[in-house]
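These notes are about the structure you will find just below.
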Amino acid sequence: MPCTPLLLIVEAPSLITVLGLDIGGANTKAALLTTEKTKITTFKTASAYFPVWKNPQALPEVLINLKKQLGANQIDALGLTLTAELSDVYQTKREGVHHILSCVKAAFSDVPIFVLTTNVELLPIETAEKNPLCVAAANWAATGWLMTQYLKDSLIVDVGSTSTSIIPIINRQVAARGKTDLDKLIYGELVYTGSLRTNIATIVRSIPTKNGVASVSSELFALSGDVHLVLKNISTNDYTSETADGRGKTLTEAYTRLARVICADTDMLTTQEITDMAKYIHEQQINQIAEGIAKTYTYLKTHTTDRVPVVVTGLGKNFLANKAAEKIGIDTIVDLDTLLPKGVALATPATGVAWMTTAKLTGKTSFKLITP
């Protein structure tokens, strides 16, 4: 991921370097902030595709490599948020949180570590270890907190590679009704569909084709990344996760995988027919996200009469989040890239938790960005 320099107004007494980590089940993202006197002179982000279920013991090495990639020779504090505890490599979330925290401590044994809670608070890692469920799946809180620094009321739609977080902000406070993943699924604040890793069979049950409607196979034949590659919503470089069949990420290979969703192949379906399939799947994925937005937006509007913008972020911000907001008639849609320099959108929770940790160290809660 490209690095983007930023300047941040604070009243820091001396040089402070903070690393923010967002440890997901498939992707781990990092954001580095260096503050000197009244400015953050360096801001960088990086990402690593790391399916934790394949080799959870390798997590410390991944974290150390991200630190090296960012050139963070020495840091003063670490801000952490995590969602990888949901991985089925762990029997329970409690077990997952404990393992992830132990890996972070092993990789960063010489600095203070603060862990984000679902109540939008930072706890010392020792306290987090005693309250593991309070810090499970809290990365949406980092994104929400970051937006409270810029907008009084808003609805954030963050479409990542795997899932979509929908976060209401009311009067500069994160106002999510759900704290756990389960509750967020119930309230519509979490939609388990994303830009790359979603099984097509969870988006559609049938697909119109050849003057009929074909039911889809429930096999893991193709992923949402294949749909968006075919539709040119993403590039091959954006397709960072593994493919369903372990093969490559060319258009030909994506067409082949999508054809199998309806138990066909590229001898039976033309390129145009497969592209039409992709368009239909894309539209249904938009509908899934639109349903979550509508549910949360209706709740948010009961608390304010002001116009409430939808802020879109994440890899799918343009071709999923924006389209879903338009679908339900939202008249004010804000691309995160217009609020923050380009690049932050791909690592928003890591950026948010790094920002929060900087605020904790400097005693400041309000920041103003100035682009150089």
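The table that follows gives values for the structure above.
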| quantity | calculated |
| --- | --- |
| Region 276-290 residues that are hydroxyl-bearing (Ser, Thr, Tyr), paired with ones that are at pLDDT 95 or above and open to solvent by 50 Å² or more (accessible area, probe 1.4 Å) (beta carbon under 9 Å, 6 or more apart) | 280/208 |
| Qualifying residue in region 76-97 (condition: hydroxyl-bearing (Ser, Thr, Tyr) and either at pLDDT below 95 or touching a Phe, Trp or Tyr at 6+ places or on another chain (Cβ under 8 Å) (or both)) | yes |
| Contacts under 7 angstrom Cβ, first residue in region 45-66 being closer than 18 Å to residue 85 by Cα, partner among the aromatic types (Phe, Trp, Tyr), 6 or more apart | 62/50 |
| Matching residues in region 68-106 - criterion: being touching a strand residue (DSSP E or B) at 6+ places or on another chain (Cβ under 7 Å), among the acidic types (Asp, Glu) and not in a helix (DSSP H, G or I) | 76 |
| Pairs with Cβ under 6 Å, 6+ apart, first in region 154-178 and within 16 Å of residue 335 (Cα to Cα), second open to solvent by 30 Å² or more (accessible area, probe 1.4 Å) | 155/297 |
| Filter result for residue 25 (within 18 Å of residue 357 (Cβ to Cβ), of a type in the set (Gly, Ala, Ser) and at pLDDT 90 or above) | no |
| Tally, over region 35-67, of residues that are surrounded by fewer than 21 Cβ atoms within 10 Å (Cβ to Cβ) and either part of a strand (DSSP E or B) or in contact with a Lys or Arg (Cβ under 7 Å, 6 or more places away or on another chain) (or both) | 7 |
| Those strands (runs of 3 or more DSSP E) lying entirely in region 154-272 with at least 3 residues buried (at least 20 other Cβ atoms within 10 Å of the Cβ) | 154-159, 164-170 |
| Subset of region 113-152 that is polar (S, T, N, Q) and in a helix (DSSP H, G or I) - its residue that is surrounded by the fewest Cβ atoms within 10 Å (Cβ to Cβ) | 127 |
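Conditions (1) more than 30 Å from residue 17 (Cβ to Cβ); (2) touching a strand residue (DSSP E or B) at 6+ places or on another chain (Cβ under 7 Å); (3) crowded, with 16+ Cβ neighbours inside 10 Å; (4) of a type in the set (Asp, Glu), marked per residue:
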position: 304; (1), (2), (3), (4): yes, yes, no, no
position: 309; (1), (2), (3), (4): yes, yes, yes, no
position: 315; (1), (2), (3), (4): no, yes, yes, no
position: 336; (1), (2), (3), (4): no, yes, yes, no
position: 354; (1), (2), (3), (4): no, yes, yes, no
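The values are calculated or read from the model by the stated rules, or taken from the named source; none is laboratory data. Computed from a prediction, not measured in an experiment: that's the story for all the values here. Neighbour counts are summed over all protein chains in view; Cβ atoms, including those assigned to glycine, are modelled from backbone coordinates with ideal geometry. When the accessible area is computed, the model is the full protein with side chains, heavy atoms only, and any ligands, DNA or RNA have been set aside. Shrake-Rupley method; radii C 1.70, N 1.55, O 1.52, S 1.80 Å.
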